[in-house]
Amino acid sequence: MRTTITVNGTARTLDVDPRTTLLDALREHLGLTGSKKGCDHGQCGACTVLVNGVRINSCLSILAMHDGDQVTTIEGLGQPGALHPVQQAFLERDALQCGYCTPGQICSTVGMLQEAADGWASKETADLSAPTALTDAEIRERMSGNICRCSAYPQILAAIRDLAGEVA
Amino acid sequence: MTSVRDWAEPNPVTENRGGVIGKGVDRYEGALKVTGTAPYAYDTVAPSPPAIGVLVTATIPRGRVTSVDTAAAEAAPGVQLVWTHLNVPAQAPRGTRANPRSQRASNPALGSDRVEYYGQSVAFVVADTFENARAAAELVKVAYAAEPAVVDFMASFDQATLPPDEEDVHIGDFHGAFAAAPVTIDETYFSPIQNHVQMEPCATIAWWEGDKVTVHTSIQMVKGGQHALAETLAIPSSDVHLLTRYIGGGFGGKGQPYDDLILSALAARALKRPVKVAYTRQQMFHGTIHRPAVDMRVRLGAEPNGRLTAFAVEATTHCARAATFTEHAANFSRNLYAAPNRLTGHRLVRMDLPHAGPMRAPGEAPGMLSLECAMDELAEKLGLDPIELRIRNEPDIDPETGKPFSIRQLVRCMTEGAQRFGWERRNPVPGQVRDGRWMVGMGMAAAIRGNFLLPAKAGVRIDAGGIITLRQGMTDIGTGTYTILAQITAETLGVPLGHVRVEIGDSDFPPAPGSGGQFGAATAGSAAFEAGMNLRRALTELAVGDPNSPLYGGPAEYVTFENGVIAIENRSETLAALVGRAAPDGIYVEGSISPAADARDYSQHTYGAHFAEVGVNQVTGEVRLRKMFGVFAAGRILNAKTAKSQITGGMIWGVGTALTEVNAVDPRFGSFVNQDMAEYLAPVHADIVDLDAMFLDEADDKANPMGIKGVGELGIAGAGAAIANAIYNATGVRLRDYPMTPDKVLAGLMAKGL
């Protein structure tokens, strides 16, 4: 089954088994192994990528659903020596240990910051009409779809805090 | 033989002139991890495209495979092989150790028709794609003859026996002293089955070149994996090249090889092409080890002044019928508090569950959940502050062995922590503090975890450009091994960190025992230090013996290494200049570390104190962490940043232990009811609020030449008990059954009429 997606700015046409998930397409057919498979059930967040700028669990999504979509993976954000600001903040704050959830955490952070900028609400949002203030509670809530078993949560919060600025 | 006295001599690491030791430098491999370019086992690019293997696992806890219908699977698209116990290639019988020096024996996959636990591999399918392999695996039909299985731990205590080669430890007369004690506690605590839930499922990719197999796998012990594969395949270990460069979490669960390793190697040989195999998340829960449940009875007898006179911790736990693993949940208590009359020991029930095994701080992690609550209960009975009770029972020497402590800063951990946490805000009368619907309370607990040093080697090479490469068959499971090995090497040789490369996770490199038991940094690091010292000696000889060196003829004892420069006072040259001229092929030396003969004359541990504040929702029984702080003493800290990540990670495991983590057994199948990450509740980001930790200044010169100790497991020890004690302080409800989920909390509140 032929599907064309734009991955990290480059159009790629794949002719693969229709059962192929977006995650497996990226990993097994495009060699982009930065996105990780932790559960294959959309429960851990390690496979998080950005599709048309929105974060999704790529393991829960079939490639064929994404014809024409723009996909950004961890490899598309930055490279060693030319890190994306979120990658740089994670490195400096030691917001990772084993590193397996890290690509998902970082893609999720990029998506989350945009969601907040666009005024998307979360469970922690008290005033739905006001601009979103990224309090610590907001960040924790919005990042809770990405499990880190090493439990780098305090450092992940600090890294995102660096990017989101201090909010009362 | 080395003595701890030798270790007390100053050395480049303890002098730390370059300031690299202790500094919170960024993780060595961090840039690769944040860009997704660190290749984990399943990410590894093989010489040619791999076939994909998928496991089929048993759906009964005990019995026999009576028939397997593989016809549909074999006929499915893309399928290359289907194996069961009937046609899997020959492997050495389980337990075979053809080479007596092998660290692990043969462990065949699909070795017989016997089923010993739910989730055991019973068939294996390899196909050209993952989708085809997974679909074909669904077509394998397995029939079983089930046999009666023991899967209910609480109902099986009558089958408990002493673990192999183990006796209870009696000191003084516990029973007499307990009967005579004016104040007593006699309570039983329960810690359930827990699971590692490493983010990366076990995975291997294997390929052969002639008689030699290369495997990239996710394992904490390089040599153990290499030897297990060699023994199982009945080939020399020199024909197994095992690599494990990046590991997506281990926590003890990847200390041993699993069927992905064996079957990928066998299938790659049979198909003459690379094969890769990963466990599914569900297979991880059953097919790999878990932390067993532990039932712990604690009896404390004390004088009215709080001095313990009678002390007993007895733990009953379980392991797989064919195994010998014991969760030594009482061991920690042998070194913690003074009491003249003591009883500690373990009982083991053999069950038909998946295998129990080590999980982060085996022993301490569940064990401290009992005693550290019992001490809280005793403190209240005595009208003493829990910290004061512990101080009154602080031993001068090891209460069990009578040996001196190498260093023990437990009291400072507690007093420093109390001050920084604001312990004085705690109302000692439970159930007094409200914040709307939330009942608020504080608790504390002590932490202790042993420190170990194992034999290890390391190799270090300097090239003509002055770049130094440390090589070791060690692993980094997220602990920071790469980073601390780089720091130790840089400081030992007086070069900037940027001049150091670290290569680990390869069975061709000098062996280290791997990551486990929080012995990794001390063990691998000490070997790296010794290798670095040997390179210093070699470079010194080279310089003073080279007529073209400004150091020529100089006194070797005055040679210094600083900032990449070797010098005798004002005569100096860069290491790059020296090696480039005098040894253009580079210099490679090795070093090794072994435990000192007299190290066992000391009682050696890491210590800490946890402080927690929780809110308990009076309507729902939900417990929310509000604040947590820990103070720890764990020798010299090599990297402020990675050590703190380790210790706070451990504390967060304690939060999960106290509040959410449990694998419930389905008695019908001997399976875990919750076998995925939505239902096994490891802490998520929203669960962790205001959590921080600090280390006390410490150097333990009885530990190793650098005075460092482990930090990977200390953080979880006692952490859950601090939360349990905070729940009591908030509500007056004493729960002794972990995890303290809303149903249990609510039942307690209702029983109190709250």
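In terms of the mean number of neighbouring beta-carbon atoms within 10 Å, the peptides B:658-670, B:417-429 order highest first as B:658-670, B:417-429.
Each of B:Asp69, B:Asp43, B:Asp676, B:Asp697 was scored by other Cβ atoms within 10 Å of its Cβ. Listed from fewest to most, they are B:Asp697, B:Asp69, B:Asp676, B:Asp43.
Computed per residue of chain B from DSSP H runs no shorter than four, each worth -39500 (n - 2.57), the mean residue ellipticity at 222 nm is -7500 deg cm²/dmol. Using R0 = 45 Å, the C-beta based FRET efficiency linking B:Ile397 and B:Glu209 works out to 0.20.
Cross-link partners for A:Lys37 among the aspartates and glutamates, with Cα-Cα distance under 18 Å and sequence neighbours closer than 8 places in the same chain left out: A:Asp24, A:Glu28, A:Glu75, B:Asp43, B:Glu131, B:Glu200, B:Asp260, B:Asp676, B:Glu679. Shown in residue order for the range A:31-43 are the 3J(HN,Hα) couplings computed by the Karplus curve 6.51 cos²θ - 1.76 cosθ + 1.60 at θ = phi - 60°: x, 9, 8, x, 6, 10, 9, x, 9, 6, 10, x, 9 Hz (x for Gly and Pro).
For chain B, the relative contact order works out to 17 percent when only alpha carbon pairs closer than 8 Å and six or more residues apart are counted. Its Cα centre serving as origin, the protein assembly as shown has a Cβ charge dipole (Lys and Arg +1, Asp and Glu -1) of approximately 460 debye.
Calculated translational diffusion coefficient of the range A:2-77 (4 °C, 1.567 mPa s; Stokes-Einstein with Kirkwood radius over alpha-carbon pairs) equals 109 µm²/s.
Between the amide H of A:Val71 and those of A:Thr6, A:Val7, A:Asn8, A:Gly9, A:Asn52, distances stay under 5 Å, these residues lying 5 or more places away or on another chain, with hydrogens modeled in the peptide plane. Cross-link partners of A:Lys36 among lysines, defined as those whose alpha carbon lies under 21 angstrom from its own and excluding same-chain residues fewer than eight positions apart: B:Lys33, B:Lys254, B:Lys276.
As a quick test, which of the pairs B:Lys223/B:Lys457; B:Lys403/B:Lys641; B:Lys627/B:Lys752 have an alpha carbon distance above 22 angstrom in this structure? Pairs exceeding 22 Å: B:Lys403/B:Lys641; B:Lys627/B:Lys752.
Taking amide hydrogens as placed 1.01 Å from N in the peptide plane, the amide H of B:Val183 sits under 5 Å from those of B:Ala302, each at least 5 positions away in sequence or on another chain. From the largest down, the range A:1-160 spans 45, 36, 29 angstrom on the principal axes of its Cα atoms.
Footprinting exposure proxy ranking of B:His286, B:His170, fewest other C-beta atoms within 10 angstrom first, gives B:His170, B:His286.
Ratio of Rg to Rh for the range A:85-164: 0.96 [Cα atoms; Kirkwood radius as inverse mean 1/r over pairs]. Listed by chain and number, the aspartates and glutamates whose alpha-carbon sits under 12 Å from that of B:Lys702, ignoring those within fewer than 8 places in the same chain, are B:Asp6, B:Glu9, B:Asp598, B:Asp601.
The relative contact order of chain A, computed from alpha carbon pairs under 8 Å that lie at least 6 residues apart in sequence, is 23 percent. Look at the stretch A:101-108: the mean tally of other chain Cβ atoms within 10 Å of its residues' Cβ atoms is 4.
Between B:Val665 and B:Val673, the built amide H atoms are under 5 Å apart, and every one of these is 5 or more places off in sequence or on another chain. With a simple spin-label model that places each label point 7 Å from the Cα along the Cα-to-Cβ direction, the separation between B:Arg5 and B:Arg94 comes to 5.1 nm. Pairs of alpha carbons in the range B:125-217 separated by more than 17 Å make up 82% of all such pairs. In summary, the protein assembly as shown shows an alpha-carbon radius of gyration equal to 0.95 times the 2.2 N^0.38 Å reference for compact globular proteins.
As I understand it, the dipole of chain B uses +1 on the Cβ of Lys and Arg and -1 on the Cβ of Asp and Glu, about the Cα centre. Which of B:Gly306, B:Pro49, B:Ala512 lies farthest toward its positive end? Looking along the dipole axis, the top candidate is B:Pro49.
We did not get these values from a lab; they are worked out from the coordinates using the rules stated. Bear in mind the structure is a predicted one, so any value in this text is a computation, not a measurement. Glycine gets a Cβ as well: all are built from the backbone with ideal geometry, and neighbour counts include every protein chain shown.
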